[in-house]
Structures are given as structure tokens and as C-alpha cells.
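The values are calculated or read from the model by the stated rules, or taken from the named source; none is laboratory data. Note that the structure is predicted; figures quoted are calculated from it, not measured. No Cβ is skipped: glycine too gets one built from the backbone with ideal geometry, and neighbour counts run over all protein chains shown. Note: areas computed on protein heavy atoms with side chains; ligands, DNA, RNA excluded. Shrake-Rupley method; radii C 1.70, N 1.55, O 1.52, S 1.80 Å.
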Amino acid sequence: MSKILIVEDEVKIARFVTLELQHEGYMVEVAHDGRTGLALCESWQPDLLILDLMLPELSGIEVCRRLRQNSDLPIIMLTAKDDVSDKVMGLDMGADDYMTKPFAIEELLARIRVCLKKHRSSSAAGSGTLTAGKLRIEPANYSAKFGDESIALTKKEFDLLHYLWQHENNAITRDELLSHVWGYEFAGDTNIVDVYIRYLRQKIDDRFGVKTIHTIRAVGYMFRYE
Ligand code: CA
């Protein structure tokens, strides 16, 4: 069952869309301002975001921009007026699609289906082999190699490396790593991330004399092969 987050300050619209989506079998959460919406994206991990442009606290454009720094979450923007510059800006910021209010719910539902489907197929493509220098991982069978030498990684170590690598050159916070690699049950205890980063460095960086996992002070970690 797909999870859809609606960020919309007009309570009536949010309510209407929520009911329709629930009726279609989606799990729905609602936020009425940009800041809460952004926080819910982190904590609830929706599969798709319906994002109004004009929002209190943080505008839809800004929410979009921040999300795109480290997420490929599908985003459908809602614009109140038929304002071309807003739409262009939203699409530039990485929204996948937009709808102008008022809209027919059937059209929104159709676009949601398209967006989710597109995302699923691109995620599947994204699970392919990753290589950098002599380092290579194959998520399909959890294998990691440096040249011809196998690297024995536990599933958690592998998932952590894979996640960082998928966001190559982006600093990822410990909290994000916790929620993506470990799930919510560990939320708050970020020491475990540091411990696993240490394991990875021993098994890869120290052993092969390369640098792959960088500490980004006051933020977290970043994958870059050097
Ligand atoms: Ca609004």
C-alpha cells in the first residue's frame, strides 16, 4: 500500500483529497505547513508527496528544493493559480508533475498512478551494480569486491554503503541513515551509525588504502571514492 503525504494549508482541499485517496486504498498523512511537511517526509517516509506551492512556514518551492538535496521522492505540485513562472520554478526545483487548482480528482489520481509507476521502475533500475575505481557492489546479490578480492560485509554494512553510494557526493545525516538503513526502531541513537561506519572503513578504506567514506563535520557522512 503506497503512502502519500499531502502538504496543503487549505484544510478543505486537504480533507477532500485525503478522503479520495483513502478511498483508493492509499495511506495518507496531512501537513498544513511546509516545515511540518518536510519533517513528515523524513519521519514517515512517504512514497509520494502532493505539495501545495503557497504554504505558511516554508513555501512549496523551498520544501521541494530541500527534499531534492537527498531524495528522489515523487512530487506532484499544486498551484492555486495558473501561474506559469511558479510551475516552471517548481519543475526546476525537481517536482515531477503539477496540477492547477481547482482540479478534477480523477486527474490527480491518474497522475499519482503514473508518478508511482515511473518511480518504481527507476528505483528498480537504481538497484544495479555500482562501481568506483576498483570498488564494486552488486545489490542484487549483496556482493562487494575490490578488484578480484571479495569484501565480506554484513547486510547492514552493505545497506549502509549502498545508501551512501546512491547519494554519492551528498552529505547524509546520521538520522537519515538510521531511518533508511535501520528503520525507525533505532531513532535517536545515532552511535550505531558511527560504529558501522567504522566497520566499513576497516573493511574497505583501511584494507585497500582508499578513501570512500568521508566524515562531514556537524552533518554526517558522504560517499566519495578517492
Ligand atoms: Ca496554499
List the DSSP H helices in the chain whose Cα atoms stretch 20 Å or more along the helix axis and whose mean Kyte-Doolittle hydropathy is at least 1.6. none
Which whole-number percent of Cα pairs in segment 1-54 have a distance greater than 14 Å? 44 percent
Is the shape of segment 3-124 best called rounded, prolate or oblate, per the rule: a/c under 1.5 gives rounded, else a/b larger than b/c gives prolate, else oblate, with a ≥ b ≥ c the square roots of the Cα gyration tensor eigenvalues? rounded
What whole-number volume per residue, in cubic angstrom, does the convex hull of the C-alpha atoms of the chain give? 133 Å³
With a probe of 1.4 Å, find how much accessible area segment 3-124 has per residue, and write the answer as a whole number in Å². 49 Å²
Lysine pairs in the chain with alpha-carbon atoms under 19 Å apart, 8 or more places apart or on different chains: how many are there? 16
When only the heavy atoms of the protein chains count and the probe is 1.4 Å, how do 146, 158 rank by accessible area, highest first? 146, 158
Rounded to the nearest 5, the percent of antiparallel DSSP beta bridges in the chain equals 45 percent
Value at 222 nm in deg cm²/dmol, rounded to 500, when DSSP H runs of n ≥ 4 in the chain each add -39,500 (n - 2.57): -12000 deg cm²/dmol
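About the Cα centre, and with charges only on the beta carbon of Lys, Arg (+1) and Asp, Glu (-1), how big is the dipole of the chain? Nearest 20 debye, please.
Using Cβ point charges on Lys, Arg, Asp and Glu, the chain gives about 800 debye.
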I'd like to know how segment 130-223 sits against the 2.2 N^0.38 Å rule of thumb: what's its Cα Rg over that expected value? 1.02
Rounded to a whole %, the carbon-and-sulfur portion of the accessible area of segment 130-223 at a 1.4 Å probe is 46 percent
